[in-house]
Amino acid sequence: MTKPTFAFVSLGCPKNLVDSERMLGKLAQDGYTLTAEADGADVVVVNTCGFIEPARQESLGVIREMLSLKEQGRVGAVVVAGCLAERKKDDLLNEVPGVDHIVGVFGREEITQVLDRTLSKRLQDEQRSLFRPAPVKAQEDTARLRITPRHYAYLKISEGCDRLCTFCAIPGMRGKHVTKPIEEVLREARELVADGVRELIIVAQDTTYYGLDLYGRVRLADLLRELDRVDGLEWIRILYAYPIHFTDELLETLATAKKILPYLDLPLQHINDRLLRRMQRRVNRAETEDLLTRLRRALPNLTLRTTFIVGFPGETEAEFEELREFVRDARFERAGVFPYSLEPGTPAARLPDHLSEEVKIERRDRLMEVQQDVAFAWARKQVGQEIDAIVDAADLEVPGHVLARSHADAPEIDCTVRLKGKNMRPGDLVRARVTGADGYDLIARALGVR
């Protein structure tokens, strides 16, 4: 008997995308047929984000769009999975009553059974949700049907988070930190490389915490050295590195490994000591500046990406100006700035002195003006330099060019290298000379494909 067709919408962060790919793989293995469009599918799965209010609204918008197709008879059923389902488990079905089933973050392994029951109409009202407790061991992420282009993939090394930042709801959705064993991470890495991956992007809620719960000490350096030896792999990129646990061993590994890119995503959120305490970041300005000095010394060609929150409850104009001056002086090559989002149930929601949305947006814009000057200046300095770039896709706007990324650019979140040359395909590693800068992006000419 032929299994039904399904469409899949994946929202949110790369960690959520790994969950989506695992669910896609399980459904494909069970015989379900994936369709490119929701219109006409027997069932649509929406893997949602619940991190902050704009992400929740995006997820709800997609759910309602799918429910509209269902009401028109163009979709058979709608299943909602992931972080929004987990976070709103008690009232999501009341908010979007047309949804056939909701599945929490840790119910992903049972997605085929959920779809089987949904499509066979064997559901009673009390069976329209599936939630499982956070696992005591990290879940496997093998046998994924990948959404990313073939040449790069995200590799999740742990789940959950033990940090209790006052603004963040992730521990409530994703549970406590659970390290994935080194041998399992390596097995997944080799599977991905065998499937054509040349660039592995390391993700977790907190990558520098890796190993502490399982081995009794942080072991990110050990893991990275093992990954550096994986045959067929070209680039390793590290995201979500909390600014604690940067041991000398880790710095030496970052500096001496052959495949680890001189790129680090280091979310700082603020620099003022009072606000860092208020956020419960467990790091202060002096420690942060010392870490930045050590990183720059160990990795002279380092690209640093960071994120900041402006408009946190009680942030004064003077404290915001301190952050602006810090960003101007620290010269981060990449940075994102977000207005504080009040998240129900978090400690920060109960703090006094919340700021208006107008003030938060205005401060975001002012800080991004500073960062834009820094980033544009960095891009101009690259002109005349030779770089390695990985090709992502053809440039549909400029004939004879492809869209690529340098070591300084993570997919989806950073900048682009518009590369001129012939006979270049996605996944090719190209030696190129930068010939111009276009705002954040670079323009380059290919010298040869590696």
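The values are calculated or read from the model by the stated rules, or taken from the named source; none is laboratory data. This one's a predicted model, so the numbers in the text were calculated from it and none came from an experiment. Using ideal geometry, Cβ is built from the backbone for each residue, glycine included, and neighbour counts are taken over all protein chains shown. For accessibility, only protein heavy atoms count, side chains too; no ligands or nucleic acids. Shrake-Rupley method; radii C 1.70, N 1.55, O 1.52, S 1.80 Å.
Things to note:
- The residue that is nearest to Pro300 (Cα to Cα), among those in the range 337-363 that are small (Gly, Ala, Ser) and surrounded by 14 or more Cβ atoms within 10 Å (Cβ to Cβ), is Ser341.
- When the residues of the range 242-262 are filtered to those that are among the charged types (D, E, K, R) and without any contact (Cβ under 8 Å) to a residue 40 or more places away in the chain, the one that is farthest from Leu200 (Cα to Cα) is Asp248.
- Answer from Val99, Val46, Val75 - the residue that is modelled with pLDDT of 95 or more, outside any loop (DSSP other than H, G, I, E, B) and of a type in the set (A, V, I, L, M, F, W, C): Val46
- Residues located in the range 66-95, provided they are within 19 Å of Val43 (Cβ to Cβ) and without any contact (Cβ under 8 Å) to a residue 12 or more places away in the chain: Ser68, Gln72, Gly73
- Test: residue in the range 309-318 that is open to solvent by less than 70 Å² (accessible area, probe 1.4 Å) and among the charged types (D, E, K, R): yes
- Test: Arg366 is in contact (Cβ under 8 Å) with a residue 40 or more places away in the chain, assigned to a helix (DSSP H, G or I), within 30 Å of Glu319 (Cα to Cα) and open to solvent by 10 Å² or more (accessible area, probe 1.4 Å): yes
- Residue list for the range 73-114, restricted to those being over 14 Å from Ser20 (Cβ atoms), open to solvent by less than 10 Å² (accessible area, probe 1.4 Å) and within 27 Å of the chain's Cα centre (by Cα): Val78, Leu92, Val96, Val99, His101, Ile102, Gly104, Val114
- Looking across the range 243-275, just one residue is among the polar types (S, T, N, Q), closer than 23 Å to Leu233 by Cβ and surrounded by 17 or more Cβ atoms within 10 Å (Cβ to Cβ), and that is Thr253.
- Among residues of the range 292-318 that are without any contact (Cβ under 8 Å) to a residue 24 or more places away in the chain, those with a beta-carbon under 7 Å from a residue that is not in a strand (DSSP E or B) at least six positions away or on a different chain give the pairs Arg296/Leu302.
- Considering only residues in the range 408-436 that are open to solvent by 40 Å² or more (accessible area, probe 1.4 Å) and touching a strand residue (DSSP E or B) at 6+ places or on another chain (Cβ under 7 Å), the one that is nearest to Ile238 (Cα to Cα) turns out to be Thr416.
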